[in-house]
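Asker: The structure that follows is given in the form of structure tokens.
The values are calculated or read from the model by the stated rules, or taken from the named source; none is laboratory data. Quick caveat, the model's predicted, so the values are computed rather than measured. Neighbour counts are summed over all protein chains in view; Cβ atoms, including those assigned to glycine, are modelled from backbone coordinates with ideal geometry. Ligands, DNA and RNA are stripped out before the accessible areas are found, and what is left, the full protein with its side chains, is counted by its heavy atoms. Shrake-Rupley method; radii C 1.70, N 1.55, O 1.52, S 1.80 Å.
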Amino acid sequence: MTTNFDFLKSVDKDLFNIITEAEKLYRDEYFEQCMAQTRRFGESVCKNVLGAERSYNDTFDNMLATLKDKITGEEQEKEFVDDLYFLKKNGNKSVHSVKVQHDGMTALECLQRAFEIAINYSVYNRGASSNILKLRYDTELLVTGKKSVKSLAERYTEEKNRTATKVKKTPSKKTKKPQVYSMKSSTPKKGFPFFMILVGLSAAISVGMIITLMIILKF
């Protein structure tokens, strides 16, 4: 089965076996045992780095203190020591804890830190190819035993596009349609208009007055 630590097999077979056992424990949800195994891995790396500068009976704490005194202050070295301390602390906690915590997130972080330790150890202590510095821990590979077809960046972009598409499909608020008012012409009422009646009546009165005036003038 492919693992995140395949690059370590050609560098140090013993370390490879220790850490791949930790991954198996994680897959089976033995998180406390996984953390204890990563602690064992960290201690073994520490022994290898110190080599003859450690005594046979040195504890992990003593070796870490010695290693911390030896570093030159480079950021890479500080991270290396910090990761080792993290594995020691959480490995001890998992071993001495009265209750089983089932802390999968911490166990995963232990594996991820062990991965960074393995890369730094391989490149800077054992002279492995610097190409492995580009490797990233693959959680999908950890769980399924199969490498992700898509890179983390590709999966991020895909998820981002999917989210944007969902936002576009969300129906927007309906805008009110402008009211359209139509003017209807009124139909003329049937029958003789009142104005015409008034004009005709006025004309009749005028004619009558003229006739009356003519009669009077004759006499």
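Asker: Asn57 - would you say it is part of a helix (DSSP H, G or I), modelled with pLDDT under 95 and over 36 Å from the mean Cα position of the chain (by Cα)?
Answerer: Values: part of a helix (DSSP H, G or I): no; modelled with pLDDT under 95: yes; over 36 Å from the mean Cα position of the chain (by Cα): yes.
Judged against the criteria, Asn57 is not a match.
Asker: What is the number of the single condition among (1) open to solvent by 40 Å² or more (accessible area, probe 1.4 Å); (2) of a type in the set (A, V, I, L, M, F, W, C); (3) touching a residue at least 24 places away in the same chain (Cβ under 8 Å) that Ala52 does not meet?
Answerer: Failed condition: (3).
Asker: If we keep just the residues of region 117-137 that are aromatic (Phe, Trp, Tyr) and open to solvent by less than 70 Å² (accessible area, probe 1.4 Å), which is nearest to Gln76 (Cα to Cα)? Spell out the reasoning first.
Answerer: Looking only at region 117-137, we keep the residues that are aromatic (Phe, Trp, Tyr), and these are 121, 124, 137.
Pick out the ones that are also open to solvent by less than 70 Å² (accessible area, probe 1.4 Å) and you get 121, 137.
Details: Tyr121: 11, Tyr137: 18 Å.
Result: Tyr121.
Asker: Filter region 92-116 down to residues that are closer than 23 Å to Asp6 by Cα, open to solvent by less than 90 Å² (accessible area, probe 1.4 Å) and not polar (S, T, N, Q), then give me how many there are. Spell out the reasoning first.
Answerer: If we filter region 92-116 for residues that are closer than 23 Å to Asp6 by Cα, which is where we start, we get 104-116.
Next cut, open to solvent by less than 90 Å² (accessible area, probe 1.4 Å) only: 104, 106-116.
Going one step further and asking which of them are not polar (S, T, N, Q), we end up with 104, 107-111, 113-116.
Within region 92-116, residues that are closer than 23 Å to Asp6 by Cα, open to solvent by less than 90 Å² (accessible area, probe 1.4 Å) and not polar (S, T, N, Q) number 10.
Asker: Now a separate question. Working only within region 121-163, note down all residues that are of a type in the set (A, V, I, L, M) and modelled with pLDDT under 65. Explain how you work it out, then say what you get.
Answerer: Filtering region 121-163 down to residues of a type in the set (A, V, I, L, M) leaves 123, 128, 132-133, 135, 141-143, 149, 152-153.
Answer for region 121-163, where residues must be of a type in the set (A, V, I, L, M) and modelled with pLDDT under 65: Leu152, Ala153.
Asker: Looking at (1) open to solvent by 30 Å² or more (accessible area, probe 1.4 Å); (2) part of a helix (DSSP H, G or I), which is the only condition Glu29 fails?
Answerer: Glu29 satisfies all of (1) open to solvent by 30 Å² or more (accessible area, probe 1.4 Å); (2) part of a helix (DSSP H, G or I) except (2).
Asker: Evaluate region 61-78: report whether one residue or more is assigned to a helix (DSSP H, G or I), closer than 21 Å to Gln112 by Cα and touching an Asp or Glu at 6+ places or on another chain (Cβ under 8 Å).
Answerer: The answer is no; no qualifying residue exists.
Asker: Could you list all residues from region 9-20 that are surrounded by fewer than 16 Cβ atoms within 10 Å (Cβ to Cβ) and in a helix (DSSP H, G or I)? Steps first, answer last, please.
Answerer: Of all residues in region 9-20, those surrounded by fewer than 16 Cβ atoms within 10 Å (Cβ to Cβ) come to 9-10, 13-14, 17.
Scanning region 9-20 gives Lys9, Lys13, Asp14, Asn17.
Asker: Return the residues of region 65-84 that are surrounded by 16 or more Cβ atoms within 10 Å (Cβ to Cβ) and at pLDDT 95 or above; say none if nothing qualifies. If you could, list the steps in order and put the result at the bottom.
Answerer: Of all residues in region 65-84, those surrounded by 16 or more Cβ atoms within 10 Å (Cβ to Cβ) come to 66-67, 77, 80-81, 83-84.
Phe80, Val81, Asp83, Leu84, listed by residue number.
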